[in-house]
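Heads up, the thing below is written out as structure tokens.
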Amino acid sequence: MTKNKKSGIKKLVVFILLLLVLFIVGLASIPVIFKKDIIEIIKTESNKQLNATLDFDDLDLKLLSTFPDFSLEINQLSIKGEAPFDGVSLISIEKLLLELDLMKILFDGKYEVRKLALDQPHFHIKVLDDGNANYDIYRSSEGGQETSNEDDSSPLVFKIEEYEINEAILIYDDAYYATRLRLENLNHSGNFTMIGDKYLLETNSDAKSLDLSYDNIEYFQRSNLNIIFNGEVEFIEDDIKVVVAKNITKINQLNLALNGEFLMRENDYLFNLSIETIDQTFKSLLSVVPGVYQSEFDQLQTNGEFQFGGTFNGIYSDSLIPHFNVQMLVMDGYFKYPDFTEPVDQIQMNLSIDFPGGNDLDLLKLNLENFSLGFLNSTLKTNIYGSSLISDPFLKGALNSNIYLSDIAQVIPLNEQELGGEVFSNIIIKGNLSSIEEEKYNEFKSSGQLTIDNLIYESDLIDYGIALNSLDFEFYSDRLALNECLLKIGESDLSINGELHNYIQFILKDELIEGEFNVNSQFLDLDELYMDSFSDTSENALNNETINDSSQINNEVFDLPKNIDFSLTTNIKKAIYDSLQLKNLSGKLIIKNGVLNFNDLAMNLFKGSVKMKGDYFAISNRRAQMNFDMELNEISFDEAYLYFNPVKKYAPLVKF
């Protein structure tokens with residue numbers, strides 16, 4: 001090789017090296033030089049597509065230090081909603097990290113994300129009672145036309161080798177379906193592969209705290225949650241198909257396995273799913289019972305078998321429900337708390353719910369074949385079967401119990417509560433609701449008795465004790481007779497007897513219930529009963545801003561149900577209301593259509609007497625309307641002045 005050729009090659013190598021250095025320096029400089037412009041472009045273009053505001057504090061692009069990987073880091077990322085969701089952050093992320101393999105993208109044509117990580121994200125999904133949701137933030141494109149990329153080429157492959165969500169908080173607040181879910185300390189990880197219209201998922205989720213309520217009923221509180229999900233999601237034209245290859249959901253110590261698939265179509269859902277427990281015991285069931293799963297749960301001694309399973313097959317839509325069959329079985333259940341010598345045992349349960357599918361809910365059958373338990377000298381056993389629950393409910397059941405309430409404190413911690421007394425029942429029902437509605441009482445059997453003797457209850461949660469000396473209910477096909485009720489609440493006493501009609505229609509269909517009662521009392525302190533709702537306990541509530549001004553207490557009114565028709569004949573020797581002493585209170589109170597009527601109500605007040613007629617009904621939870629005709633006789637103006645503020649204000653000279 002000649003000297004000139006060697007010199008040329010040397011110059012070429014030097015040139016290429018210099019060019020490579022300049023290229024690398026240029027790549028390293030781009031994120032620094034154009035950082036502000038890149039940030040502004042991302043925010044501007046994103047917000048053009050959203051009915052929300054996307055914002056973040058900082059963005060860090062790395063290429064040289066991570067070559068051949070490309071790294072993107074975004075700090076303090078948030079998406080905040082617009083009206084009517086002002087002030088609600090749909091997403092708030094402390095740090096988002098994205099790593100790409102540029103070599104595979106540029107040279108192999110593979111779209112792969114090496115890692116996607118979200119640190120301390122906060123997701124808040126909110127649905128209003130009209131169905132409007134804060135996650136519906138994408139602006140629809142003008143013209144509504146979508147471009148199609150369909151051709152004969154191979155399907156697009158996109159893969160996320162690893163993704164993770166660390167220390168997240170998820171809130172789902174749905175007023176439309178009255179559902180609220182809260183997950184705290186949520187960690188989620190997995191991998192994701194997209195092959196054309198098919199998505200393959202392998203995930204693992206773990207949350208240290210699960211709260212779930214529906215229709216103001218708490219189903220889970222501070223529960224542990226772990227979910228393993230392996231499956232695929234496929235878009236088939238306008239439909240979405242989900243195949244569950246492996247799913248294990250663990251709530252506290254209850255393991256459930258879900259298998260099968262379902263298809264989400266435009267107007268309905270097609271289900272083919274099964275759910276079952278995996279190697280579970282009675283203790284697994286106890287772990288999801290509210291109040292049982294506590295720090296000492298591991299020390300709880302248990303025994304017994306537990307099985308749960310169900311299948312769901314068919315179409316779900318606005319008019320159709322799929323076939324489902326659910327079964328739950330407990331055999332020889334037993335549990336004993338640490339530091340307690342006596343257990344709750346003999347726990348048996350056999351429950352099945354079956355529906356063949358379709359739109360006729362009358363075909364649903366509920367069969368609680370047996371539920372029973374015992375502890376010390378107490379026993380409880382019940383069963384119930386129901387069918388045709390919509391058109392003409394048929395019920396067959398029994399409730400037999402003999403419970404000594406003082407036994408409960410010897411098997412379950414009551415946390416500074418005292419409970420005593422005896423409950424006895426031997427109730428039997430059998431027949432169709434139509435038999436009662438058509439007054440064919442001989443075709444509907446309802447008999448038995450429910451009695452409570454010498455019940456006492458004391459707790460730190462209330463400022464007074466409760467003593468139910470006697471309660472005697474007798475069941476008939478056409479009525480429920482209250483033979484005796486002797487109740488003492490704090491310093492107040494009540495003696496009540498009477499009858500209830502339509503009680504089965506009320507329980508099953510929320511229809512009108514009618515009743516006539518005699519109410520007698522020697523002393524009734526309404527101030528003690530009413531004000532205790534705001535003490536504590538209530539004092540703490542005031543300090544914790546649950547109630548932030550006293551007017552909330554004074555302005556709250558009570559709303560009477562419209563499906564109650566009660567007539568109460570009263571005779572009260574002495575009563576206290578708002579520090580006002582009432583004596584010889586008698587008359588009739590009628591509750592009907594949400595209105596309380598006072599008929600010939602008479603009392604002694606301010607050294608005189610008062611007779612009144614009128615009514616009361618609530619307009620809202622803050623407003624009520626009252627109409628009264630009053631007859632005052634020999635009222636002491638001096639006594640009235642000491643009580644009524646208006647009298648003090650407009651007649652200050654009366655005290656002289």
Review point. So what is the accessible area of the range 330-408 per residue, in Å², with the probe set to 1.4 Å?
Key: 49 Å²
Practice item. Give the accessible area for Arg139 in Å² (nearest 10); use a 1.4 Å probe, count only protein heavy atoms, and leave out ligands, DNA and RNA. Key: 90 Å²
Review point. Hey, what do the phi angles of the range 189-203 turn into as Karplus ³J(HN,Hα) couplings, whole Hz, using 6.51/-1.76/1.60 and θ = phi - 60°, x for Gly and Pro?
Key: 8, x, 9, 9, 9, 10, 10, x, 9, 10, 10, 9, 10, 9, 9
**Study point:** 5 angstrom amide H check on Leu601, placed H, neighbours 5+ away
**Key:** Lys588, Met612
Revision key, fill the gap. Here the range 248-260 yields Karplus 3J(HN,Hα) values (6.51, -1.76, 1.60; θ = phi - 60°; whole Hz; Gly and Pro given as x) of 10, 10, 10, 10, 6, 10, 9, 9, 10, 10, 10, 9, x
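Taking a ≥ b ≥ c as the square roots of the eigenvalues of the Cα gyration tensor of the range 358-485, is the shape rounded (a/c under 1.5), prolate (a/b larger than b/c) or oblate? Each step should come with its number before you reach the end.
Details: a/c = 2.43, a/b = 1.80, b/c = 1.35.
Here the range 358-485 falls in the prolate category.
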**Study point:** Surface accessible to a 1.4 Å probe, Thr281 within the full protein complex, Å²
**Key:** 70 Å²
Revision key, fill the gap. The percentage of the accessible area of the range 477-521 (probe 1.4 Å, all protein chains present) made up of carbon and sulfur atoms, to the nearest whole number, is 50 percent
Point to revise | Average accessible surface area per residue within the range 197-271, 1.4 Å rolling probe, Å² | key: 58 Å²
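Roughly how many percent of the accessible protein surface of the range 207-297 is carbon and sulfur, given a 1.4 Å probe and a whole-percent answer?
On the way: 2530 of 5110 Å².
Ligands and nucleic acids excluded, carbon and sulfur reach 50 percent.
Can you tell me the accessible area per residue over the range 437-494, all protein chains present, probe 1.4 angstrom, in square angstrom?
Per-residue accessible area for the range 437-494 comes out at 55 Å².
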Exercise for review: Please list the non-local residues whose amide H lies under 5 Å from the amide H of Ile462, H modeled 1.01 Å from N, same-chain partners needing a gap of 5 or more.
Suggested key: none
**Study point:** Of all accessible heavy-atom area on the range 303-425, the percent that carbon and sulfur account for (1.4 Å)
**Key:** 54 percent
Practice item. Using θ = phi - 60° and the Karplus relation 6.51 cos²θ - 1.76 cosθ + 1.60, list the HN-Hα couplings for the range 301-314 in order, rounded to whole Hz, with x at every Gly or Pro. Key: 8, 9, 7, x, 9, 9, 9, 9, x, x, 10, 9, 9, x
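The values are calculated or read from the model by the stated rules, or taken from the named source; none is laboratory data. This is a predicted model, so every value here is computed, not measured. Accessible surface is based on the protein model in full, side chains and every heavy atom, while ligands, DNA and RNA are left aside. Shrake-Rupley method; radii C 1.70, N 1.55, O 1.52, S 1.80 Å.
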